[in-house]
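The values are calculated or read from the model by the stated rules, or taken from the named source; none is laboratory data. This structure is a prediction, so every number in the text was calculated from the model and none was measured. In this analysis, Cβ positions are derived from the backbone assuming ideal geometry, glycine residues included, and neighbour counts consider all displayed protein chains. Heavy atoms of the whole protein, side chains included, go into the accessibility calculation; ligands, DNA and RNA do not. Shrake-Rupley method; radii C 1.70, N 1.55, O 1.52, S 1.80 Å.
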Amino acid sequence: RLRRFSMTEYRKTRREVLAALAAAALASGCGFRPRGRFAVPFKTIYLDMSEQSPLTQEIRRRIEAETSATVVTSEKDADAVLSTTRSRRTREINSYNDSGDAREYRLGCDITFRLATPDGYEMMPPTTLFARRDIPYTTRNYLSRETEEATLYRDIERDIAIQLMRRIEAAKPHAAQR
């Protein structure tokens, strides 16, 4: 037997559905998307970067885990080549205390990369990404500073890897690859 809804139950249900639809429309309109897979315009990629770099390892891990692409060991086997022209970490004094000692540092990481095909077609011109974090400093927490800096650098590199993945996702594929 079917249950009949009262008018107040019907209005409440309708209101809930409309609120959920409005929230979904707002979230999709602002560019929000849940974490997950990236759609890249190639099947294989060669990373022309330092293998020992933690940033390279993070990028490799994200490509293998969050795309359908495969990282290959030879440039000639690749549909795309991701190369870095510059990658550096920075550490600057951000502010001083009243006695002239550093009170806060700004940690950063910059990377300039390029995405191209092995035959030279530029899918993405040289692009620079950067991220910064502030870290307070006092003489009391001197021993834990190195550990905290290492953690912040890992977070910065993770953020840059995500930015890089989003940029790669928007790259223009070569007409021959389509």
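For the reader, a short list of remarks on this structure follows.
- Among the residues of the stretch 1-24, the ones that are surrounded by 10 or more Cβ atoms within 10 Å (Cβ to Cβ) and at pLDDT below 65 come to 2 in all.
- Selection of first residues in the stretch 55-74 that are without any contact (Cβ under 8 Å) to a residue 40 or more places away in the chain and within 18 Å of Arg167 (Cβ to Cβ) and of second residues that are open to solvent by 30 Å² or more (accessible area, probe 1.4 Å) and small (Gly, Ala, Ser), restricted to Cβ pairs under 7 Å at least 6 apart or on distinct chains, gives the following pairs, ordered by first then second residue: Thr56/Ser50.
- From the list Ser74, Ser95, the one residue that fits, being open to solvent by less than 90 Å² (accessible area, probe 1.4 Å), modelled with pLDDT of 90 or more and more than 21 Å from Ala39 (Cα to Cα), is Ser74.
- Tally of residues being in contact (Cβ under 8 Å) with a residue 12 or more places away in the chain and open to solvent by 70 Å² or more (accessible area, probe 1.4 Å) across the stretch 143-160: 3
- For the stretch 161-177, the criterion of being more than 14 Å from the chain's Cα centre (by Cα), touching a residue at least 40 places away in the same chain (Cβ under 8 Å), under 18 Å from Ser50 (Cα atoms) and surrounded by 14 or more Cβ atoms within 10 Å (Cβ to Cβ) is met by no residue.
- Consider the stretch 47-71 and keep the residues that are over 14 Å from the mean Cα position of the chain (by Cα) and of a type in the set (Val, Ile, Thr). The one that is surrounded by the fewest Cβ atoms within 10 Å (Cβ to Cβ) is Thr70.
- Test: residue in the stretch 160-174 that is outside any helix (DSSP H, G or I), farther than 19 Å from Glu64 by Cβ and of a type in the set (A, V, I, L, M): yes
- Residue count for the stretch 77-92 satisfying the condition of being basic (Lys, Arg) and surrounded by 14 or more Cβ atoms within 10 Å (Cβ to Cβ): 1.
- Within the stretch 132-159, the set of residues being farther than 15 Å from Arg106 by Cα and among the basic types (Lys, Arg) comprises Arg140, Arg158.
- Index of the failed condition, Glu122 passing every other in (1) within 18 Å of Pro54 (Cβ to Cβ); (2) touching a strand residue (DSSP E or B) at 6+ places or on another chain (Cβ under 6 Å); (3) open to solvent by 70 Å² or more (accessible area, probe 1.4 Å): (1)
- Among the conditions (1) over 24 Å from Ala39 (Cβ atoms); (2) surrounded by 13 or more Cβ atoms within 10 Å (Cβ to Cβ); (3) among the β-branched types (Val, Ile, Thr), the only one that Thr138 does not satisfy is (2).
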